[in-house]
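One structure below.
The values are calculated or read from the model by the stated rules, or taken from the named source; none is laboratory data. All values derive from a computational prediction rather than experimental measurement. We place every Cβ from the backbone using ideal geometry, glycine too, and count neighbours over all the protein chains shown. We work out accessible area using only protein heavy atoms, side chains counted, and drop any ligands, DNA or RNA first. Shrake-Rupley method; radii C 1.70, N 1.55, O 1.52, S 1.80 Å.
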Amino acid sequence: MEQKREGERLLQSICSPLKCWSKMKGKPAVPHLPSTSIIHLLVDFQWKLGMAVSSDSCRSLKYPYVAVLLKVADHSGQVKSKSFEMTIPQFQNFYRQFKEIAAVIETV
(Lines give C-alpha, C1' and ligand atoms only; values in the text may rest on other atoms or scores of the structure.)
Protein backbone atom coordinates (compact mmCIF):
# COMPACT_ATOMS: atom_id res chain seq x y z
CA MET A 1 0.00 0.00 0.00
CA GLU A 2 2.87 2.39 0.82
CA GLN A 3 4.40 1.72 -2.61
CA LYS A 4 1.09 2.72 -4.22
CA ARG A 5 1.00 5.96 -2.21
CA GLU A 6 4.60 6.72 -3.16
CA GLY A 7 3.76 6.08 -6.83
CA GLU A 8 0.77 8.41 -6.57
CA ARG A 9 2.93 11.14 -4.98
CA LEU A 10 5.50 10.77 -7.77
CA LEU A 11 2.81 11.03 -10.43
CA GLN A 12 1.23 14.09 -8.78
CA SER A 13 4.60 15.85 -8.70
CA ILE A 14 4.86 15.33 -12.47
CA CYS A 15 1.22 16.04 -13.27
CA SER A 16 1.08 19.43 -11.55
CA PRO A 17 3.60 21.14 -13.86
CA LEU A 18 2.14 19.40 -16.89
CA LYS A 19 -1.33 20.69 -16.06
CA CYS A 20 0.11 24.20 -15.77
CA TRP A 21 1.66 23.81 -19.21
CA SER A 22 -1.61 22.62 -20.68
CA LYS A 23 -3.37 25.78 -19.48
CA MET A 24 -1.16 27.83 -21.79
CA LYS A 25 -3.50 26.94 -24.69
CA GLY A 26 -1.33 27.72 -27.67
CA LYS A 27 0.90 30.33 -26.06
CA PRO A 28 4.62 29.88 -26.67
CA ALA A 29 6.48 28.21 -23.81
CA VAL A 30 9.19 30.82 -24.26
CA PRO A 31 7.52 34.26 -24.52
CA HIS A 32 9.92 35.73 -27.09
CA LEU A 33 9.40 32.87 -29.57
CA PRO A 34 6.58 33.18 -32.10
CA SER A 35 3.74 30.70 -31.65
CA THR A 36 4.54 29.19 -35.06
CA SER A 37 7.75 27.79 -33.58
CA ILE A 38 5.74 25.38 -31.43
CA ILE A 39 5.32 22.07 -33.18
CA HIS A 40 3.05 20.38 -30.61
CA LEU A 41 1.35 21.67 -27.49
CA LEU A 42 0.39 19.53 -24.52
CA VAL A 43 -3.38 19.86 -24.07
CA ASP A 44 -4.07 17.18 -21.46
CA PHE A 45 -2.13 14.65 -19.39
CA GLN A 46 -3.98 11.74 -17.77
CA TRP A 47 -2.53 8.82 -15.88
CA LYS A 48 -3.54 5.80 -13.91
CA LEU A 49 -1.72 3.32 -11.77
CA GLY A 50 -2.72 -0.22 -12.66
CA MET A 51 -1.98 -3.78 -11.73
CA ALA A 52 -1.79 -6.52 -14.37
CA VAL A 53 -3.05 -9.67 -12.71
CA SER A 54 -3.29 -12.15 -15.58
CA SER A 55 -3.42 -12.60 -19.33
CA ASP A 56 -4.31 -15.32 -21.81
CA SER A 57 -0.70 -16.54 -21.75
CA CYS A 58 0.12 -16.09 -18.06
CA ARG A 59 -2.20 -16.86 -15.16
CA SER A 60 -0.44 -14.78 -12.51
CA LEU A 61 1.35 -11.61 -13.57
CA LYS A 62 0.85 -9.33 -10.55
CA TYR A 63 2.94 -6.41 -11.73
CA PRO A 64 2.14 -2.69 -11.35
CA TYR A 65 2.33 -0.27 -14.24
CA VAL A 66 1.63 3.37 -15.05
CA ALA A 67 -0.64 4.09 -18.03
CA VAL A 68 -0.37 7.57 -19.56
CA LEU A 69 -2.65 9.32 -22.05
CA LEU A 70 -1.33 12.52 -23.63
CA LYS A 71 -3.41 14.84 -25.77
CA VAL A 72 -1.32 17.08 -27.99
CA ALA A 73 -2.33 19.74 -30.48
CA ASP A 74 -0.36 20.29 -33.66
CA HIS A 75 0.28 23.71 -35.22
CA SER A 76 -3.17 23.65 -36.87
CA GLY A 77 -4.91 22.95 -33.55
CA GLN A 78 -5.83 19.36 -34.35
CA VAL A 79 -5.69 17.32 -31.13
CA LYS A 80 -4.32 13.78 -31.18
CA SER A 81 -4.10 11.28 -28.35
CA LYS A 82 -0.97 9.31 -27.56
CA SER A 83 -0.94 6.58 -24.95
CA PHE A 84 1.74 4.39 -23.44
CA GLU A 85 2.46 2.25 -20.42
CA MET A 86 5.53 2.17 -18.21
CA THR A 87 6.77 -0.35 -15.70
CA ILE A 88 7.55 1.07 -12.27
CA PRO A 89 11.33 1.15 -12.99
CA GLN A 90 10.64 2.94 -16.30
CA PHE A 91 8.41 5.43 -14.50
CA GLN A 92 11.03 6.02 -11.80
CA ASN A 93 13.58 6.80 -14.52
CA PHE A 94 11.05 9.12 -16.21
CA TYR A 95 10.49 10.85 -12.86
CA ARG A 96 14.24 11.28 -12.24
CA GLN A 97 14.60 12.92 -15.65
CA PHE A 98 11.75 15.33 -14.86
CA LYS A 99 13.45 16.21 -11.58
CA GLU A 100 16.66 16.96 -13.49
CA ILE A 101 14.71 19.19 -15.91
CA ALA A 102 13.08 21.01 -13.00
CA ALA A 103 16.48 21.56 -11.35
CA VAL A 104 17.89 23.04 -14.57
CA ILE A 105 14.82 25.27 -15.04
CA GLU A 106 15.22 26.63 -11.51
CA THR A 107 18.73 27.82 -12.36
CA VAL A 108 17.56 29.83 -15.36
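Overview of values
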read-out	value
Difference of contour (0.36 nm per residue) and Cα-Cα distance, Ile39 to Ala67	7.7 nm
Nearest-10 value in Å² for the accessible area of Val43, using the 1.4 Å probe	40
Note, ³J(HN,Hα) from phi for segment 69-82, Karplus 6.51, -1.76, 1.60, rounded to Hz, x at Gly and Pro	10, 10, 10, 10, 9, 7, 4, 8, x, 6, 9, 10, 9, 10
Distance in nm between pseudo-label sites at Val79 and Ser55 (7 Å out along the Cβ direction from Cα)	3.1
Accessible area in the full protein assembly, largest first, 1.4 Å probe, for Arg96, Arg59	Arg59, Arg96
Local net charge near Lys80, Cβ-Cβ under 13 Å (Lys/Arg +1, Asp/Glu -1)	0
For Phe91, solvent-accessible area (1.4 Å; no DNA, RNA or ligand), Å²	10
